[in-house]
Amino acid sequence: MLHDEVVARVRHMILDGEIAPGARIPERDLCARLKISRTPLREALKVLGAEGLVTLLPNRGSRAAKVTTEDLGHLFEICQGLEALAGELACERVSEAELESIAQLNAAMVGHFEAHDLAQYYRCNRLIHEAIVAAAHNPALAALYESVTARIRRARYATPMNAERWRRAIHEHDAILNALTRRDGLGLSHVLRTHLRTKRDEVVRAGFAESA
């Protein structure tokens, strides 16, 4: 198994909650499961440690990193800025094909909302935000965004929403698509900042983090 694949597999386990925040990384089990030796696994854990997903414990293995309420606040602030900038750039650079793809994702997301399928709603939601960042056509921004958003992905895309908040989120995404379609960079930047600020508050209220 290639190094990048090992990193991706373990990252996926952490982000999906298969390895819970604060839990010890089961190195022996992972080696058997992934059919690799300890060396490539530990190299992968160093990468995930640099991403903030793993806490490395000298001579004591490693744990999936915990995220405190303060951590979430800081990470969402960074995410707000990155998505706001991506929105401005996307309004300048998005292609018609990219715009159509985002519109299709939005329509699919609305369909999942109407079907009360929160998991699939969140899947489309995440893809929309990632597509806007991709449409900025700035690889450095995309890499930084991936690094930051990885640490809040599970909380951001698993938070329960009541019916009123869910409807409001749909309206916010309509505003996002509308601003992007009109190439209104400042408008999209503002909508994305507000959208992320609201999501941050939801995540904190839902108790996805520990107190600092």
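Checking the conditions here, which among Arg168, Arg154, Arg183 is of a type outside the set (A, V, I, L, M, F, W, C), in contact (Cβ under 8 Å) with a residue 60 or more places away in the chain and within 27 Å of Glu70 (Cα to Cα)?
On the way: Arg168 fails: in contact (Cβ under 8 Å) with a residue 60 or more places away in the chain; Arg183 fails: within 27 Å of Glu70 (Cα to Cα).
After ruling out the rest, the residue left standing is Arg154.
For the range 113-122, does any single residue satisfy the condition of being crowded, with 20+ Cβ neighbours inside 10 Å, under 28 Å from His173 (Cβ atoms) and of a type in the set (Ser, Thr, Tyr)?
The answer is yes; a qualifying residue exists.
How do the pairs read when you match residues in the range 120-135 that are in the same structural domain as Arg156 (by TED's automatic domain parsing) with residues anywhere that are part of a helix (DSSP H, G or I) and among the basic types (Lys, Arg), using Cβ under 7 Å and keeping only pairs 6 or more apart or on different chains?
Ala135/Arg93
Given Ala135, Ala179, Ala108, which one is at pLDDT 95 or above and in contact with a Cys (Cβ under 6 Å, 6 or more places away or on another chain)?
Working: Ala135 fails: in contact with a Cys (Cβ under 6 Å, 6 or more places away or on another chain); Ala179 fails: in contact with a Cys (Cβ under 6 Å, 6 or more places away or on another chain).
Step by step, each of Ala135, Ala179, Ala108 is checked, and only Ala108 is at pLDDT 95 or above and in contact with a Cys (Cβ under 6 Å, 6 or more places away or on another chain).
Under 20 Å from Leu144 (Cα atoms) and out of contact with any helix residue (DSSP H, G or I) (no Cβ under 6 Å at 6 or more places or on another chain) - does that describe any residue in the range 32-46? It would help to see each step written out before you state the result.
Just the residues of the range 32-46 that are under 20 Å from Leu144 (Cα atoms), to begin with: 44-46.
Still in the list and also out of contact with any helix residue (DSSP H, G or I) (no Cβ under 6 Å at 6 or more places or on another chain): 45-46.
Yes, the range 32-46 contains a residue that is under 20 Å from Leu144 (Cα atoms) and out of contact with any helix residue (DSSP H, G or I) (no Cβ under 6 Å at 6 or more places or on another chain).
Considering each of Arg60, Arg93 in turn, give the residue that is over 26 Å from Arg205 (Cβ atoms), over 17 Å from the mean Cα position of the chain (by Cα), in the same structural domain as Ala8 (by TED's automatic domain parsing) and basic (Lys, Arg). Talk me through it step by step, then tell me what you get.
Numbers: Arg93 fails: in the same structural domain as Ala8 (by TED's automatic domain parsing).
Exactly one residue qualifies, and that residue is Arg60.
The values are calculated or read from the model by the stated rules, or taken from the named source; none is laboratory data. This is a predicted model, so every value here is computed, not measured. Cβ atoms come from the backbone with ideal geometry, glycine included; neighbour counts cover every protein chain shown.
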